[in-house]
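To start, the structure under review is shown below, and the notes come after it.
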Amino acid sequence: MNLKYALIDEDGEIIGAIQEVKDFILSECKPIISDNNIVWYTNKDGERIIYKVPVD
């Protein structure tokens, strides 16, 4: 499954292009904001996978 996301302004209008994270797996933790990214992890086949999505 792929995750598509976009930044929106206060009027709900999309700012910039729609982005995509390929092979997205739903978070196993509460996402955090770190260094202007939304960050979370998942575990798949005994391996930890870290996802980062920029917020600007």
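The values are calculated or read from the model by the stated rules, or taken from the named source; none is laboratory data. This is a predicted model, so every value here is computed, not measured. All Cβ positions, glycine included, derive from the backbone under ideal geometry; neighbour counts span all protein chains shown.
Consider segment 20-56 and keep the residues that are farther than 23 Å from Asp9 by Cα and touching a Lys or Arg at 6+ places or on another chain (Cβ under 8 Å). The one that is modelled with the lowest pLDDT is Ile25. A residue that is surrounded by fewer than 10 Cβ atoms within 10 Å (Cβ to Cβ) and touching a Phe, Trp or Tyr at 6+ places or on another chain (Cβ under 7 Å) occurs somewhere in segment 45-56. Being in contact with a Phe, Trp or Tyr (Cβ under 9 Å, 6 or more places away or on another chain), loosely packed, with under 10 Cβ neighbours inside 10 Å, free of Cβ contacts under 8 Å to residues at least 40 places away in the same chain and of a type outside the set (D, E, K, R) is the requirement here; does Ile18 meet it? So Ile18 fits the description; yes.
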